[in-house]
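Below: one structure, written as structure tokens.
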Amino acid sequence: MKLLTALISGIVFGIGIAISGMGNPAKVLNFFDPVGTWDASLLLVMGGALVTTFIGYRLLFRMRDKPVAEPSFAIPVSRQIDARLVGGSAVFGIGWGITGFCPGGAIPVLAIGYWEPLIFVIAMMAGIFLAMAGDRLWKGRNKPVPLTDSHATGR
Amino acid sequence: METVFTPWEALIGGVLIGLSAVMLMALNGRIAGMTGILAGLVPPFPKDWGWRAAFTFGALAAPAAYAALGGRLEFGVPVSTAAMIGGGLIVGAGAYVGSGCTSGHGVCGMARLSPRSIVATCVFMAATFVTVFVVRHVIGGV
């Protein structure tokens with residue numbers, strides 16, 4: 001059940017990315033180039049996604065106190081704004097600006113017939129793996145905010 | 001490389017991305033953040049890797065099926081392979097350390113009005129604008 005629901009959600013995500021152009025590095029990079037070959041499309045992608053999620057989450061949390069296929073909602077509870085958050089995000093932004101790919105943009109175009117997304121995704125997965133390995137080495141000194149742990153409730 | 005402004009495709013695609021985020025929360029109780037999902041698909045695999053694999057497979061299979069049936073998606077890569085490899089590494093590491101990317105922070109976290117996500121989104125958007133400016137108008141390409 002929960003595999004099927006995740007699969008369907010993933011299909012909708014993939015179609016959304018493909019239609020929107022978020023998986024096209026040329027288009028993404030042009031959004032970030034207002035003094036050059038600017039293409040404003042991404043503003044509408046992010047705006048459309050944000051407004052839909054904002055309204056959808058509110059309706060959902062008002063109507064239900066648990067999801068359909070799991071015992072509880074897993075929502076990050078940390079409110080700490082630290083160097084990890086800011087530094088990691090800055091580094092991610094630099095990489096997005098170099099490549100035009102973000103993780104959610106690259107996965108849906110992985111198998112549409114081009115080799116560049118494959119190169120990018122392999123490098124990106126290596127980056128995630130190395131960062132996780134780094135965390136384990138540093139364990140205790142600098143406790144990371146978990147991304148993959150179990151359910152925590154709170155909104 | 002110029003691209004055409006596509007307001008309707010952008011808006012419809014964006015709404016679908018949002019719908020997917022609401023669906024994954026309603027059905028699986030999860031944030032639809034691609035970095036967090038992918039972080040569960042590298043060793044050491046967490047116990048709940050199954051739904052992550054299913055979401056990722058759905059996300060890549062739908063456009064792949066469209067392309068296999070002869071559909072065409074606009075696609076262009078104006079950067080070198082070396083930049084793709086180096087950039088890919090730092091996208092993965094940065095998004096992991098920063099606890100999220102465009103989907104996790106930019107869509108899901110912003111929609112929850114999470115202070116962390118608002119800060120993260122402002123930081124990575126600013127960094128991306130600066131990087132593209134430097135790459136294109138100072139260095140002249142990578």
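Only the coordinates and a few stated rules stand behind these numbers; no lab work does. Being a predicted model, the structure only gives us computed values, none of them experimental. All Cβ positions, even for glycine, are placed from backbone atoms using ideal geometry, and neighbour counts span all protein chains on display.
The convex hull drawn around the Cα atoms of the stretch B:7-139, when projected onto a plane and averaged over every direction, covers 10.2 nm². Note on the stretch A:7-70 and the stretch B:18-86: Cα centroid distance 13 Å, given to the nearest whole angstrom.
Springs join every pair of Cα atoms under 10 Å in this Gaussian network model of chain B, and among B:Val91, B:Val77, B:Val123 the largest mean-square fluctuation is at B:Val77.
Rounded to the nearest Hz, the phi-derived 3J(HN,Hα) couplings of the stretch A:30-44 under the Karplus curve 6.51 cos²θ - 1.76 cosθ + 1.60 (θ = phi - 60°) are 5, 4, 7, 10, x, 8, x, 8, 5, 9, 7, 3, 4, 4, 6, where x marks glycine and proline. Give the shape of the stretch A:18-96 as rounded, prolate or oblate, defined through the alpha-carbon gyration tensor: a ≥ b ≥ c are the square roots of its eigenvalues, a/c under 1.5 means rounded, and otherwise the shape is prolate if a/b is larger than b/c and oblate if not. Note, shape of the stretch A:18-96 comes out oblate. Cut-off 10 angstrom, C-alpha nodes, Gaussian network model of chain B. Which of B:Phe45, B:Phe75, B:Phe55 fluctuates the most? Between B:Phe45, B:Phe75, B:Phe55, it is B:Phe75 that shows the largest mean-square fluctuation.
Under the classification rounded if a/c is under 1.5, otherwise prolate if a/b is larger than b/c and oblate if not, where does the stretch B:27-86 fall, given a ≥ b ≥ c as square roots of the Cα gyration tensor eigenvalues? Verdict is oblate for the stretch B:27-86.
Hydrophobic long helices, here whole DSSP H runs in chain B with Kyte-Doolittle means of at least 1.0 and Cα atoms spread over 30 Å or more along the helix axis, are found at B:7-28. According to the calculation over all Cα-Cα pairs in chain A, the P(r) per 5 Å bin from zero is 1, 7, 12, 16, 18, 19, 15, 9, 2, 0 %. Remark: spin-label model distance B:Trp8-A:Val35 equals 3.5 nm, labels positioned 7 Å along the Cα→Cβ axis. Of all the options B:Met84, B:Met23, B:Met110, the one that moves most in a Gaussian network model of chain B with Cα springs shorter than 10 angstrom is B:Met84.
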